[in-house]
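Sending over a structure as structure tokens; questions will come in a sec.
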Amino acid sequence: TESGDAPMLEHLAQVHAAATRSGELTRQLLAFARKQLVAPQALDPNARVGAIVSMLRRAVGERIAMRFEAGNEIWPVLMDPSQLDQVLTNLCLNARDALEGVERSHPHIEVRAGVRAAGESPERRLYVEVEDNGCGMDGPTRERIFEPFFTTKEVGKGTGLGLATVYAIVRDHQ
């Protein structure tokens with residue numbers, strides 16, 4: 001390209017980034033409003049979570065170690081695979097953001113899957129856990145994290161729909 005094209009390319013890159021953000025926000029709003037088609041199917045949680053974690057390793061970056069610990073005795077679950085993808089993506093990207101700017105010698109995200117008893121009930125439930133060694137949250141922030149449109153990120157960096165969407169998907173699957 002000619003040197004005079006640089007400003008035009010920069011503007012086009014900004015338009016592309018804005019369109020990408022708009023598409024992501026629209027997708028999250030539709031999912032949050034339950035207008036997204038749900039297609040539950042039997043899936044192996046260990047296989048699905050392992051595949052998502054492998055894909056997300058590139059998204060979180062090389063600086064952050066990411067590890068998946070598969071659970072034992074996990075049976076197939078009936079769930080829309082894209083919803084499980086959405087839950088893990090939102091949780092892992094939030095974990096990545098919590099590690100941003102934090103000077104740790106070994107920044108990491110750990111993802112675990114397993115089964116636990118459902119409270120006092122003998123019924124066992126699948127759990128998926130995402131943990132990071134980032135900056136953490138104060139009490140007032142923890143109280144609001146599942147509110148739609150609540151975010152601690154600066155303008156243009158987050159919509160506040162990530163954890164609200166996670167909460168809605170988990171709630172809908174009991």
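What number goes with the only condition from (1) free of Cβ contacts under 8 Å to residues at least 60 places away in the same chain; (2) assigned to a loop (DSSP other than H, G, I, E, B) that Tyr167 does not pass?
With respect to (1) free of Cβ contacts under 8 Å to residues at least 60 places away in the same chain; (2) assigned to a loop (DSSP other than H, G, I, E, B), Tyr167 is out only on (2).
In addition: For segment 136-152, enumerate the residues that are over 26 Å from Ala70 (Cα atoms) and either part of a loop (DSSP other than H, G, I, E, B) or touching a residue at least 60 places away in the same chain (Cβ under 8 Å) (or both). Give the derivation first.
At the first step, the residues of segment 136-152 found to be over 26 Å from Ala70 (Cα atoms) are 137-152.
Answer for segment 136-152, where residues must be over 26 Å from Ala70 (Cα atoms) and either part of a loop (DSSP other than H, G, I, E, B) or touching a residue at least 60 places away in the same chain (Cβ under 8 Å) (or both): Met137, Asp138, Ile145, Phe146, Glu147, Pro148, Phe149, Phe150, Thr151, Thr152.
Within segment 95-134, take every residue that is more than 24 Å from Ile74 (Cβ to Cβ) and under 15 Å from the mean Cα position of the chain (by Cα) and give me the one that is modelled with the highest pLDDT.
Kept after step one, since they are more than 24 Å from Ile74 (Cβ to Cβ), are these residues of segment 95-134: 96-107, 133-134.
Adding the requirement that they be under 15 Å from the mean Cα position of the chain (by Cα) leaves 96-99.
Numbers: Arg96: 87, Asp97: 83, Ala98: 81, Leu99: 83.
Of everything passing the filter in segment 95-134, Arg96 is modelled with the highest pLDDT.
The values are calculated or read from the model by the stated rules, or taken from the named source; none is laboratory data. Keep in mind that what you see is a predicted model, and the values were worked out from it rather than measured. Reconstructed Cβ throughout: ideal geometry from the backbone, glycine too, with neighbour counts over all protein chains shown.
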